[in-house]
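Chemist: I have a structure here, written as structure tokens, and I will follow up with some questions on it.
The values are calculated or read from the model by the stated rules, or taken from the named source; none is laboratory data. Treat the numbers as computed from the prediction; the structure is a model and nothing was measured. Backbone-built Cβ (ideal geometry, glycine too); neighbour counts: all protein chains shown.
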Amino acid sequence: MTLRPRTSDRPRRRSPIDSEDRFQFWVTVGFISLIVAVIVILVAAVAVNYYNAHFKPVATIEGTTITRDQWADRTKLTLFRIDRASNRVREALAASHIDEATASQQLQSLSEASNSAETQAIEDLIDLTFQEKLAQGQGVTVSDEEVQAAFDAEASTPERRRVHAIFVEPEVDPVAGEPTPEQDEAARELIEKGQADLADGFPFEQVARQYSTDISKERDGDYGIITDENPSDVAWVEALFELQAGETTEIIKGADGIYRIGRVSEILPAADDPFFETELTASVSLDVYRANVRREETSRKLRDKITDEAIAGDVEQIHLAEIFIEQNPNEDEAAGEGVIHASHILFSPNDDPAAAADLPDDDPAWAAAEEEGKALVAGLGAISDIEDREAAFVEAALESDDEGSAATGGDLGFFPRTGQYVQELTDPLFDDPDLQPGDVVGPFKSDFGHHVVLFQERRAPTEERIQEVEDRLAEPEADFAEIARELSDADEAADGGDIGWQLKQQLPADAADEIFELAVGEVTGGFALEDGFHVYKVLEREVRPLEPDQVSLLRSTAFDAWYEPQKTQAEDEGRITRDEELFSPAGGVDAFEEQGG
């Protein structure tokens, strides 16, 4: 038999010291865990904030993201360019290359551009990125050499030229609002006389003072210093930059109808800016700059390609006739009276319309003004030929006390009975249904003086006139040209509404597609556009050469017409997206600065 020690089943008593240590251990572990958790949260918050401030996309273009850093860099580059342009304006002013008014205007525009630099920067990035993708499909690429050439061009002052100019702007018919063929011919003959004097050896300064209609004639024709981006007229500027110093252009008629002659009196060659790179890198890195320039050059080459294709060769055009019913914005449709077109000459007491209302009715100045008006009515009434009478009225209107309308022959345009002019002037015209075009009536007294009026036209309410056009066109064998001659308000009404050969881009955007789908001889429905009611008839369809004005139009519109629909479609399909929170009205682009921009 083995004797074994006896075991006890009583639990071992724990020391108070052991329990306290264990408790302390777990407190320490918990405290350390809490610290770690806080640190993790802080690190995560910092990481998230850093990501949001630098890497979170503000826009996505077909899978390519634009980060906040890229947006910030583009904004800095935009502001750098604005500051540099502002400095050049100040330098040009200091060197007397431009006057103070011109400098002030340019600096104001640059200041406004600076205020919107952030918004402009992100929209530029979206366009440049999307155009870069479109360029791939067009086979457009940019080499490192082209990027360097763009860098060198921006790092230099562009070539400039001091120009003396002779401008002859045709006078404008006060009724038509544009030069008549005779006025245009008179302007051409005037500048041809100036050209002949130059050929005979007369000093350019003298010829400019004698013939030019531009304000520069007061400076002996000194038009100032320009770059090849001067906006006055593309053809004229291109001709100037093909000349040597001292040479003179031929007569060039601009797209604005102005005849121009220019002489290059001094050439200021392009020059490198030794501080460009230093100033640039104070704003953005060279890598960022080159990346932006590469996109800009890609966009430029894409634009040039699309534009060149649009103006190359013959283009499909349609020969159109139009019936146009003008919508007067002031017409009182409820009154149902339509509108009247008239001109007036104001005879104010003491030639002061502002003070007339304060004069007593028995002041002799009122009677004197009335007698002047009566004498004019009698004199004009004695002229039997209506065209001669209207011409005499326009000449007399130059002395009108209403200076606002005097310069346009007293023309008041079309107006209703109420709401536009004083009823002492309008009531007698609306109340006399027997007035005929060319009638001179008055004088009519108002608080401003005595009005002598040339009645020109009465139009029925617009809705009635539109209905008449639609009814006439609905008749069997309707003659579009005859209806246009009788009812259209367009300048071409006398020609049966013939508006000539038109590109699709020349037509109202809301109507162009429908018009271009018509066959020869077909007539559109009516288009209620902003200016009134339009109906078109296709007379001919042909692929034909572009006219000079059409080339100018396509140069300025072809790329946008090609690009904008593609951008809109990409936005609608979600291929171009923006950070909605950032760009929402509640957030706005100001949030860009708050998040680290």
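Chemist: From F448, F393, which residue is surrounded by 20 or more Cβ atoms within 10 Å (Cβ to Cβ) and within 30 Å of P179 (Cα to Cα)?
Modeler: One residue alone meets the criteria, F393.
Chemist: Could you list, in sequence order, the residues of segment 128-146 that are small (G, A, S) and assigned to a helix (DSSP H, G or I)?
Modeler: A135, G137
Chemist: All but one of (1) surrounded by 19 or more Cβ atoms within 10 Å (Cβ to Cβ); (2) touching a Phe, Trp or Tyr at 6+ places or on another chain (Cβ under 7 Å) hold for E424; state the number of the condition that does not hold.
Modeler: (1)
Chemist: Where in segment 258-376 are there strands (runs of 3 or more DSSP E), lying fully within it, with 3 or more residues that are closer than 30 Å to F533 by Cα and touching a Pro at 6+ places or on another chain (Cβ under 9 Å)?
Modeler: 339-347
Chemist: Against the condition under 16 Å from K537 (Cβ atoms), outside any helix (DSSP H, G or I), of a type outside the set (S, T, Y) and not assigned by TED's automatic domain parsing to the domain that holds T418, how does A493 come out, does it pass?
Modeler: So A493 does not fit the description; no.
Chemist: So S283 clears everything in (1) in contact (Cβ under 8 Å) with a residue 24 or more places away in the chain; (2) outside the structural domain of I82 (by TED's automatic domain parsing); (3) among the hydroxyl-bearing types (S, T, Y) except one condition, right? Which one?
Modeler: Result: S283 fails condition (2) only.
Chemist: Test D173 against the criterion of being assigned by TED's automatic domain parsing to the domain that holds R209, among the acidic types (D, E) and in contact with a helix residue (DSSP H, G or I) (Cβ under 9 Å, 6 or more places away or on another chain), and give yes or no.
Modeler: yes
Chemist: Do you know which of the residues in segment 67-101 that are modelled with pLDDT under 90, in a helix (DSSP H, G or I) and touching a strand residue (DSSP E or B) at 6+ places or on another chain (Cβ under 8 Å) is farthest from T577 (Cα to Cα)?
Modeler: Here the residue is A92.
Chemist: Let me ask something additional. If you go through segment 396-421, how many residues are surrounded by 13 or more Cβ atoms within 10 Å (Cβ to Cβ), within 33 Å of the chain's Cα centre (by Cα) and among the acidic types (D, E)?
Modeler: 2
Chemist: Which residue pairs have Cβ atoms closer than 6 Å, lie 6 or more positions apart in sequence or on different chains, and pair a first residue in segment 538-565 that is over 30 Å from I576 (Cβ atoms) with a second residue that is in a helix (DSSP H, G or I)?
Modeler: Short answer, once both residue conditions are applied: V551/I311.
Chemist: Also, quick follow-up: Considering each of L539, L518, L503, L546 in turn, give the residue that is over 22 Å from R465 (Cα atoms), hydrophobic (A, V, I, L, M, F, W, C) and touching a His at 6+ places or on another chain (Cβ under 6 Å).
Modeler: Step by step, each of L539, L518, L503, L546 is checked, and only L539 is over 22 Å from R465 (Cα atoms), hydrophobic (A, V, I, L, M, F, W, C) and touching a His at 6+ places or on another chain (Cβ under 6 Å).
Chemist: Looking only at segment 549-569, count how many residues are within 15 Å of K133 (Cβ to Cβ) and surrounded by 16 or more Cβ atoms within 10 Å (Cβ to Cβ).
Modeler: The number of residues fulfilling the criteria is 3.
Chemist: Return the residues of segment 211-223 that are loosely packed, with under 15 Cβ neighbours inside 10 Å and either closer than 15 Å to E192 by Cβ or of a type in the set (A, V, I, L, M, F, W, C) (or both); say none if nothing qualifies.
Modeler: Residue satisfying the conditions is I215 alone.
Chemist: While we're here: Taking the conditions exactly as written (farther than 21 Å from A342 by Cα and either small (G, A, S) or in the same structural domain as E370 (by TED's automatic domain parsing) (or both)), does A511 satisfy them or not?
Modeler: Against the criterion (farther than 21 Å from A342 by Cα and either small (G, A, S) or in the same structural domain as E370 (by TED's automatic domain parsing) (or both)), A511 qualifies.
Chemist: Filtering segment 380-417 down to residues that are assigned to a loop (DSSP other than H, G, I, E, B) and within 17 Å of P353 (Cα to Cα), which residue is modelled with the lowest pLDDT?
Modeler: Among those that are assigned to a loop (DSSP other than H, G, I, E, B) and within 17 Å of P353 (Cα to Cα), it is A407.
Chemist: Something else now. Quick one: how many residues across segment 234-257 are touching a Phe, Trp or Tyr at 6+ places or on another chain (Cβ under 9 Å), assigned to a loop (DSSP other than H, G, I, E, B) and not hydroxyl-bearing (S, T, Y)?
Modeler: Residues in segment 234-257 being touching a Phe, Trp or Tyr at 6+ places or on another chain (Cβ under 9 Å), assigned to a loop (DSSP other than H, G, I, E, B) and not hydroxyl-bearing (S, T, Y): 2 in total.
Chemist: Identify the residue in segment 552-597 that is under 19 Å from the mean Cα position of the chain (by Cα) and more than 22 Å from Q120 (Cα to Cα) and, among all such residues, is modelled with the highest pLDDT.
Modeler: Ranking the qualifying residues of segment 552-597, first place goes to A558.
Chemist: Additional query: Please work out which one of (1) surrounded by fewer than 17 Cβ atoms within 10 Å (Cβ to Cβ); (2) of a type outside the set (V, I, T); (3) modelled with pLDDT of 90 or more is the condition N330 fails and give its number.
Modeler: (3)
Chemist: Please pick out the residue among S143, S104 that is surrounded by fewer than 17 Cβ atoms within 10 Å (Cβ to Cβ), within 25 Å of the chain's Cα centre (by Cα) and not assigned by TED's automatic domain parsing to the domain that holds V207.
Modeler: S104
Chemist: Against the condition farther than 30 Å from I340 by Cα and of a type in the set (A, V, I, L, M), how does V538 come out, does it pass?
Modeler: So V538 fits the description; yes.
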